[in-house]
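The values are calculated or read from the model by the stated rules, or taken from the named source; none is laboratory data. These figures come from a predicted structure and were not determined experimentally. Here the Cβ is made from the backbone with ideal geometry for all residues, glycine too, and neighbour counts use every protein chain on show. Quick note on the areas: whole protein, heavy atoms, side chains included, nothing else; ligands and nucleic acids left out. Shrake-Rupley method; radii C 1.70, N 1.55, O 1.52, S 1.80 Å.
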Amino acid sequence: MTAVTPATAMTPATPATTVKPASRVTPASPATLDLDKLYAARLHAVRVRPYLATALFALHVVESRRAATMAVDRHWRCYVSPGFVDRTPVEELAAVWVHEVSHLLRDHHGRGDRVARERGLTGPGERLRMNIAADFEINDDAYGDGLLRPEGAVQPKAVGLPEGELMEEYLTQFGLGPHTQHMAWLDCGSGADGLEREWDLGEDGADGVHGLSEQERDAVRFRVAQGINGRPGNAPRGWKRWAQEVFHPPQPWRELLGAAVRSATSGSGAGDDYTYSRPSRRSAGVPGAVLPSLRRRPPRVSVVIDTSGSVSDAELGSALLEVTAISRAVGGRRDLVTVVPCDASARIAHPLCRAEGIPLLGGGGTDLRTGFARALRSAPRPDVIVVLTDGQTPWPSSRPPCRTVVGLFPRQGRRRSWDEDRDYVPDSPPDWARVVEIG
């Protein structure tokens, strides 16, 4: 990773470069940009949001009479209207600083481009929706604790939407109309939605107005994420989520695991039972006899959790979260889900509907064959077995009489480096199991 160079990113007092297109400049143009006031506002933003200091000082200020207020491009330039600075209090300017740099840190321009491609969104109207949705993501928990809410800052509750969601989620929940008419003035620049503006200086910029390279932008994000993770109690929930995911993008493993469970439970023979409460239509062909009908019932799922010493506490916590997700995948019937903790031997199968927590005891070696045996001895027998493990275990030699899904915790090369046998490589899950890598 290329370090952020002081000349382009880290100098607090970077001189502003004035952009004055000849076609737009008139004798009655506004006064020049009040840099002292603008930089005083940035210092206030740094005092109340110290974890954003690296990003705030990385922005390169450009005076522009085309920007209505303050706006950013994807190259980390901040275009500032002199008139806006002149009429806005310092405390409110500080909040605008934080708002604009939030668009860049959260990669709203890149995400906007991806959403536009995936959903076929074109035109300035859709980009305005992206800008509004990106503002919703930022503004729901950005202000307070020393940071004044700017006048006109839009929030999701203004259109009846919940807080705490992402731009992509908000985009599916509202359209432009009378309820968003008061938001039509929003323009945070191409750094907020990916659509280039007429005032953008492009990738190469101009003399003294060069933007940050991709490596420098990554370095800024890394420094900010480090600051948030180092003192997580000082950051709002939106920033905590961002810091945890910025260099570890969320993988679709939970959706994959849920889909694998649903696929297994919908297979032939899973969850089938006979009932006399609704006689079979074939009874008409057998006079004097009542035949039962075949019905679908919610499938029973047994979750075998690897509790051996090679599985960390964090992974055990993640396994319990997956148990909850699995219960949702089978319709929320917690009474039909059991949990079997297993290291070298399997323990009791705990029903998920118990009031107390599931005790994940273990810490020794690993032999999940005993977990399979314990799950299959449960009465009634499960329709699906889900195994959550690091894969460092022997597997049953034959296919169980039910569907099997294996969720694997990541291991480098699937090698047990702490084992005395440095050449030991555990067997891969058998072919009869559906395998999902847990991110």
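Per the conditions (1) under 18 Å from L166 (Cα atoms); (2) at pLDDT 85 or above; (3) of a type outside the set (K, R), the sole criterion not satisfied by A235 is (2).
Under the condition of being open to solvent by 40 Å² or more (accessible area, probe 1.4 Å) and touching a Lys or Arg at 6+ places or on another chain (Cβ under 7 Å), the residues counted in segment 169-188 number 1.
On the stretch given as segment 394-403, residues that are touching a helix residue (DSSP H, G or I) at 6+ places or on another chain (Cβ under 6 Å) and open to solvent by 70 Å² or more (accessible area, probe 1.4 Å) total 1. Taken as a whole, the condition of being of a type in the set (A, V, I, L, M), surrounded by 18 or more Cβ atoms within 10 Å (Cβ to Cβ) and over 26 Å from D313 (Cβ atoms) does not apply to V406. Does A355 satisfy being modelled with pLDDT under 80 and touching a helix residue (DSSP H, G or I) at 6+ places or on another chain (Cβ under 6 Å)? Judged against the criteria, A355 is not a match.
A single member of D145, D86, D107 is on the phi > 0 side of the Ramachandran plot and over 21 Å from the mean Cα position of the chain (by Cα), and it is D145. Of the residues making up segment 382-439, those that are modelled with pLDDT under 90 and among the basic types (K, R) are R403, R411, R414, R415, R416, R422, R434.
Consider D141 carefully, then state whether it is in a loop (DSSP other than H, G, I, E, B) and open to solvent by 30 Å² or more (accessible area, probe 1.4 Å). Lay out the reasoning, then the answer.
Working: in a loop (DSSP other than H, G, I, E, B): yes; open to solvent by 30 Å² or more (accessible area, probe 1.4 Å): no.
Criteria not met by D141.
Rundown of residues vs (1) surrounded by 14 or more Cβ atoms within 10 Å (Cβ to Cβ); (2) in contact with a Leu (Cβ under 9 Å, 6 or more places away or on another chain); (3) at pLDDT below 65, yes/no style:
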{"site": "F247", "(1), (2), (3)": "no, no, no"}
{"site": "P250", "(1), (2), (3)": "no, no, yes"}
{"site": "P279", "(1), (2), (3)": "yes, yes, no"}
{"site": "L291", "(1), (2), (3)": "yes, no, no"}
{"site": "S302", "(1), (2), (3)": "yes, yes, no"}
{"site": "E322", "(1), (2), (3)": "yes, yes, no"}
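Counting residues in segment 195-206 that are surrounded by fewer than 21 Cβ atoms within 10 Å (Cβ to Cβ), more than 18 Å from A67 (Cα to Cα) and modelled with pLDDT under 90 gives one or more. Could you check, for segment 90-98, whether at least one of its residues is surrounded by fewer than 24 Cβ atoms within 10 Å (Cβ to Cβ), outside any helix (DSSP H, G or I) and over 25 Å from the mean Cα position of the chain (by Cα)? No, segment 90-98 contains no residue that is surrounded by fewer than 24 Cβ atoms within 10 Å (Cβ to Cβ), outside any helix (DSSP H, G or I) and over 25 Å from the mean Cα position of the chain (by Cα).
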